[in-house]
Structure formats: C-alpha cells, structure tokens
Amino acid sequence: MKNLVFKNFIINALGILCSRILGLVRDILIALFLGAGLYSDIFFVALKMPAFFRRIFAEGAFGQSFLPNFVKAPKKGAFCVSIMIQFSSIVFLCCLLVSFSSSFFTKIFAFGFDQKTIDIASPLVAINFWYLFFIFLVTFFGAILNYKQKFFITSFSAALFNLSIVIAAFFVDENEPLKTLYYFSYATVLSGLAQLILHLIILKNNPVIKAMILSIRLKKAKTKMKSFYGNFFHGVLGSSATQISSLLDTTIASFLISGSISYLYYANRVFQLPLALFAIALTQVSFPKILKHLKSKQENLALKFMQRAMIFLSVLLLISSIIGSVYSLEICQLLFQRGNFTHSDSITTAYVLIAYLIGLLPFGLQKLLSLWLYAKFKQKIAAFIAFKALFISLLCSVAFIFFIKDENLKVIGVAFSSSLSAFYLLGANIKEFGFKKFFGLISFKICFLIIIALVIFTTMLYLTKPYILNYLFGFTIGFKGIFDETNG
C-alpha cells in the first residue's frame, strides 16, 4: 500500500510537473508580449476572477466536501447527478451575471484601476469568466477519477490551459498588446472546453458515470444533500478566505506602482511550482488514504502515514526554498527577462519571490495537516482559521505599505504578509490537530540530521554558485536567444 501511495504521488507530481513546465513557458511568453505593466496587469486581473471562484467553488470547498460525502453516499450515482446539475446551473448563471455586469466586477477586482483601464479590462473579464463553467465540470469529473486512484489526467489536464496560451502566442504581435489580450482570453476559454472533453473521454467506461446515467434514466437522482451542503458552505468560507486574501493582494497592488500586480503574479507562479509539485501533489493522493483509515477507525495507521508524509514534504519544501532564494534573481532573469520585461523588473520580482518563499514550508505543511480537519468533517473550524489568517495578511500588508517609504519595496511587503499568515495557518492547524499528537509525529533525531544536512547544502550552494552560473551562462544565453529570435 505504501508503494501504491508513492506511485500515485509520482504520477500526480509528473502530471503537475508537465503542466507547470508549460505554465512557465506560458508566463515567459506573457512576459515577452505583455511585459510587466498596464496590459499584463489587465490580463492577470481578467484571469484572477475565474481563478478566484474556481478555487472557492471548484477546487476548494467543492473538492474538500465532495469526496468525504461521496465515500459515505449509499447511492453514488444519484448523489453525483444531483451535485452536477445543481452546481453547473449555479455556475452557468454566475457566468451570465458577470458577462452582463463585467464593468462592475472589474472594479471590485481592481479597485485601483482608472475608468479608462476598466473599460479596456471589462470585456476581457467577461470572456475569461466562462472558463469557470468548464473548469467546474472538470473538477467534478476529476474528483471521480481521484476516488478511483487515477490522478494523472486531472493533474495533467491543466497543461491544456498553458498549451492554449502558447499556441495563441504564435498568432500575436508584441506591438499589438490589446489584440494579444483577446487572443489569450479566447484561448483560456477554449482550454477549459478541451480539458472537459479529455475527462469525458477518459471516464467513458467508468462505473460511477454508468451509475449516473442509470440514475438519470430511472429518474432516481434524488438523494440526501444536507450533510454535503453543510460541509460545503463551511468549506466555501475557508476557501474564500484564502482567495479573498489573494484578491486583496491584487487590489492593494493596483494602488501601487504600475507593474506591481505583475510582479506578484510572476513571483507567485515560481513559488507555486514547488508548492504544487510537492505539497498539492502529496495532499491530493493522501486525502483518500487518510479518509480510508479514519473510516475504518484505524487512526494509528493514519498518524503513521501523516508522519512519513510530513518528513518527506518538509525536506522537499526546505530544499526548494533554499534553492529558490539563492537563485531568485537568476530564475527571474532566465524565465522572464526578455521583450518588454526589463532587468529592473527581474530584480523586483526576485525580491517578491524570496518574500513568498519564506512561507513555503508552513504553507505546505498546513495543507497536509488541514486534511485531518476535512477528514473529520471540521470544515467550520478550518474556515475560522482561514479567516483569521486573512485578517493577519491584510493587517500586515497595510502596515508594510504605510511604513515602507520606497514605492518599489511596498509590493515586497504585500508578498511577505502572505508568508506571515502562513505561519499562523500552520500554528492554528497544529493546535486543532493536537500539540501532543503533532509532536508525537516528530523525531528530533531525524530533525537534527535534516538541519545539519540543510546547513551543509546551503553552504555548498553559496560557495559553488559562481561556478554553477558560469557553467549555465551559455545555456541561459541560448535559452533567451530562442525567445529573442521569436520576438524578432
């Protein structure tokens, strides 16, 4: 069983890695064609809206509530049909609402934009929001695949979104940023449709889908939903707190110097790579395992599994934080510095990245520990913790912006505030998990060995950095040259 979990983690991580690599290529092209200024800020705001609601209603609250209730449901086919019909109808109506009131919603998501910028951004917001409708259905069918221990398709399907932007980049011109925005927006919506088609093809012979079809034919799609909605609405509160925090970062950044939204976006994209590749990949495959142990009243086995997962995840995230911090500037230069993205943009983005990486370990560990709350149906407590973290992040952001006089450094304070809230999230999750239980998972001998190994690793990384950079210098020039030629 250990080998199965490890195998699922590797498969899930590979799917995420493929998606993230294409995501970095996508961001390189966005930086090339839009730079870090007005047009890139508009595009990221347009993307922020469907991403915001997707992570609340789809990947967030829905994912945390669906699987535990699906496992308990006696009529799984009827349960799935009811969920799919009710939620897809709500999401469709939300898409219509945003389409007809796009200017109003744009002002909410980018309060600092002037009227001229809002007029440019509004139609793009309306287009991009339809991505949410397709991605909800993708998340729904993906949850069914995860129940059957099939993780690769769901994790890999996001690559289609990145691939669509890459393909669209072949039809745009650096000197026509507004036209580029529309190409990228339509590509976003089409990628959602492509992901849905891929899941439907894979699920064609799935027994759960057959049970859903049978329920529809027999007109027996009614089932008890009270437990699900109770968990879901508490999950919405928890997920919305995290996403509201991200939204507030964007809103606050819209009041700062031009390009601040883009600095946060680019740095966060790099930050999300190890978080997704290790923390999210591991938690996705761990959740069904923890649910199974707790349902069978085998808490000791669940705790042993959590211990191994926590050690494994901690090592990976610490190594990622160290490498990312030491090579922050070089990473930003390699990935983004070309076209309209300048050396000055790279420096600011690098500092923002370091500010985010400070919170990588607590962010990752709290994701793992929060599984215990979801498995125990404590979504209400998780929501309360998330909103406290939101308040801490907001308070710190405002304080940093007020006390930092240098306009270029204020955006770093916004990113650092996010990391500070991550430490609270971790502490609060440990408290709910149980301090005695948590420290029972920690082997101080292993922790000591890990610390010694990381100190040696960090020292060697700093000492060998000039030699590594010299070795990679030719590769970097060649890599940048490929996109410079594309730009030309």
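Once you have the Cα-Cα distance between Cys447 and Ser89, take 0.36 nm times their residue separation minus that, and quote the gain in nm to one decimal. Write down the numbers at each step before the final one.
On the way: separation 358, 0.36 × 358 = 128.88 nm, distance 4.98 nm.
The Cys447-Ser89 span can extend by a further 123.9 nm.
Among the protein heavy atoms of region 314-360, carbon and sulfur supply 70% of the accessible surface, probe 1.4 Å, non-protein parts ignored.
So if each residue of separation counts as 0.36 nm, and I subtract the Cα-Cα distance between Ser101 and Lys297, what length gain in nm does that give?
Length gained between Ser101 and Lys297: 65.6 nm.
Taking each of Lys150/Lys289; Lys72/Lys297; Lys150/Lys297; Lys107/Lys405; Lys148/Lys204 in turn, the alpha-carbon distance tops 22 angstrom for Lys150/Lys297; Lys107/Lys405. The orientation-averaged projected area of the convex hull spanned by the Cα atoms of region 338-414 comes to 6.8 nm².
Once both labels are positioned 7 Å from their Cα atoms along Cα-to-Cβ, the gap between Ile311 and Asn408 label points is 4.6 nm. According to the Cα-based calculation, Rg over Rh for region 114-223 is 1.13, with Rh computed by the Kirkwood formula.
Using mean Cβ contacts within 10 Å as the protection proxy, how do 376-387, 417-428 order, highest first? Mind dumping the intermediate values first?
Details: 376-387: 19.7, 417-428: 21.4.
The most tightly packed comes first, giving 417-428, 376-387.
Cα centroid separation, region 302-350 to region 65-133: 31 Å. Near Phe113, no amide H atom lies under 5 Å from its own; only residues 5 or more places off or on other chains count, and H is placed 1.01 Å from N. Mark the label point 7 Å from the Cα of Ile21 along Cα→Cβ and return the residues of region 159-183 whose backbone N is within less than 19 Å of it. Those under the cut-off are 159-167. Computed from the alpha carbon positions, the gyration tensor of region 100-163 leads to an equivalent ellipsoid with semi-axes of 34, 11, 9 Å, biggest first. The label-point distance for Tyr182 and Lys75, in a model that sets each label 7 Å from Cα toward Cβ, rounds to 4.9 nm.
Computed from label points 7 Å out along Cα-Cβ, the spacing between Ile201 and Lys388 is 4.8 nm.
Between Ile323 and Ala399, what length in nm is gained on full extension when 0.36 nm per residue of separation is reduced by their alpha carbon distance?
24.4 nm
The values are calculated or read from the model by the stated rules, or taken from the named source; none is laboratory data. For clarity, every value in this text was computed on a predicted model and none was experimentally measured. Backbone-built Cβ (ideal geometry, glycine too); neighbour counts: all protein chains shown. Note: accessible area is taken over every heavy atom of the protein model, side chains too, but ligands, DNA and RNA are not part of it. Shrake-Rupley method; radii C 1.70, N 1.55, O 1.52, S 1.80 Å.
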